[in-house]
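Engineer: This is the structure, below, for whatever I ask next.
The values are calculated or read from the model by the stated rules, or taken from the named source; none is laboratory data. Small disclaimer: the values here were computed from a predicted structure and weren't measured. All Cβ positions, even for glycine, are placed from backbone atoms using ideal geometry, and neighbour counts span all protein chains on display. Each accessible area value is taken on the protein alone, full model and side chains, heavy atoms only, with ligands, DNA and RNA left out. Shrake-Rupley method; radii C 1.70, N 1.55, O 1.52, S 1.80 Å.
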Amino acid sequence: MDQPSLALLNAAHKAEETKENFHRELDADLETFHCPTGEFPDDFQYDGFVVTGSRASVYWDREWIGQLKTWVGDAAEAGLPGLGVCFGHQLLADVLGGRVEGMGEYELGYRTIEQDGKNRLLEDIDETLTVFTSHSDHVREKPPGATVFARNEYGIQGFRKHNIFAVQFHPEYDMETARMITKGKSGDLSPQQIDAVLDGIHSTNYEAACEAKQLFDNFLSYVRDIQEVGRVGKSGDVPETEP
């Protein structure tokens with residue numbers, strides 16, 4: 001079977017680093033669109049889509065955020081499988097009827113989350129896993145009908161609704177990206193807080209967090225299953241059951 005064709009909706013302002021991270025982790029035919037500069041797909045002729053992280057908030061009044069919400073909402077309604085990461089997680093929650101709001105603090109660095117072991121996206125991943133997080137907004141209320149499959153003390157870390165999967169953490173990060181993102185928070189956090197996070201960015205934590213990268217293969221496996229059985233095609237038919 002050919003590689004799945006995915007629209008990579010890059011919401012990051014530092015576009016190239018984010019593009020490189022997702023192209024490294026996703027073994028798929030990716031067509032990348034830099035949403036903050038007004039790039040969006042013309043149609044839904046893809047096997048799925050991915051929405052990346054961003055320093056933006058989904059509730060900001062920005063033309064590109066509104067355009068992204070519209071495209072993603074239409075794609076989800078057409079039955080395309082979707083994966084959201086961090087900002088993408090929050091944007092998908094918002095589009096599907098959930099509630100996103102500021103936390104009043106940052107969750108930054110390697111953290112532990114718990115998953116229920118029942119979700120296709122985190123299949124074959126330990127129920128307690130290490131992930132890298134970087135966010136000050138969160139999904140306060142899940143979308144109606146969605147299933148929450150991962151949490152920690154900061155709240156919802158993963159949800160699914162029909163063909164849409166989303167995670168708050170960053171499985172795509174390498175250590176270089178984690179350090180760059182952390183140093184970029186120097187205007188929001190104290191030097192002591194920044195140093196504490198930087199001290200935790202080392203090979204042991206990174207290797208533990210690499211387990212979560214399996215979710216990219218799991219998502220592509222889900223997309224291929226849908227391709228194979230033909231339950232969602234380019235016509236936009238929504239499957240009656242979920243593989």
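Engineer: Do the sum for the chain: with -39,500 (n - 2.57) for every DSSP H run of n ≥ 4, divided by all residues, what is the mean residue ellipticity at 222 nm, to the nearest 500 deg cm²/dmol? Mind dumping the intermediate values first?
Structural biologist: On the way: 7 runs with 76 residues, N = 243.
After summing the helix terms and dividing by residue count, I get -9500 deg cm²/dmol.
Engineer: Per residue, how much accessible surface does the chain expose to a 1.4 Å probe? Answer in Å², no decimals.
Structural biologist: Details: 10890 Å² over 243 residues.
On a per-residue basis, the chain sits at 45 Å².
Engineer: A further question follows. Where does the charge balance sit around A56 when Lys and Arg score +1, Asp and Glu -1, over other residues with C-beta under 14 Å from its C-beta? Write out the running numbers ahead of the final one.
Structural biologist: Working: positive: K14, R55, R62, K69; negative: D61, E63, D94, D137.
Local charge sum for A56: 0.
Engineer: While we're looking at this one, here's another question. I'd like the carbon and sulfur percentage of the solvent accessible area for the range 5-229, probe radius 1.4 Å, heavy atoms only, ligands and nucleic acids excluded. Can you show the working numbers first?
Structural biologist: Working: 3960 of 9540 Å².
Of the solvent-accessible surface of the range 5-229, carbon and sulfur hold 41 percent.
Engineer: Here's another thing I want to ask about it. Please list Y206, Y222 from largest to smallest accessible area, probe radius 1.4 Å, with all protein chains kept in place. Mind showing how you got there, number by number?
Structural biologist: Working: Y206 50, Y222 0 Å².
Correct descending sequence by accessible area is Y206, Y222.
Engineer: Whats the longest run of the chain with zero GluC sites (Glu not before Pro) that are DSSP loop and have at most 15 other Cβ atoms within 10 Å? Before the final figure, lay out the partial values.
Structural biologist: On the way: sites that count: E39, E123, E127, E153, E240.
The longest such stretch corresponds to 154-239.
Engineer: Under a GNM of the chain (C-alpha, springs under 10 Å), which listed residue has the highest mean-square fluctuation: G184, G82, G117?
Structural biologist: G184
Engineer: Gap in Å between the Cα centre of the range 20-61 and the Cα centre of the range 173-195?
Structural biologist: Using only Cα atoms, the two centres lie 24 Å from each other.
Engineer: On to the next question. Any idea how far apart Q45 and E207 come out in nm if each label point goes 7 Å out from Cα toward Cβ?
Structural biologist: With each label point 7 Å from Cα toward Cβ, the separation is 4.6 nm.
Engineer: May I pose another question? Could you give the angle, 0 to 90 degrees to the nearest 10, between helix 63-77's Cα long axis and the longest principal axis of the Cα atoms of the chain?
Structural biologist: Computed tilt is about 50 degrees.
Engineer: Between E20 and A196, what length in nm is gained on full extension when 0.36 nm per residue of separation is reduced by their alpha carbon distance? Please report the intermediate quantities before stating the final value.
Structural biologist: Numbers: separation 176, 0.36 × 176 = 63.36 nm, distance 2.68 nm.
Taking E20 through A196 to full extension adds about 60.7 nm, to one decimal.
Engineer: Now for a separate question. Considering the values (i) 53, 39, 32; (ii) 47, 47, 36; (iii) 46, 42, 32, which represents Cα extents along the principal axes in Å as calculated for the structure under consideration?
Structural biologist: Computed from the coordinates, Cα extents along the principal axes in Å corresponds to (i).
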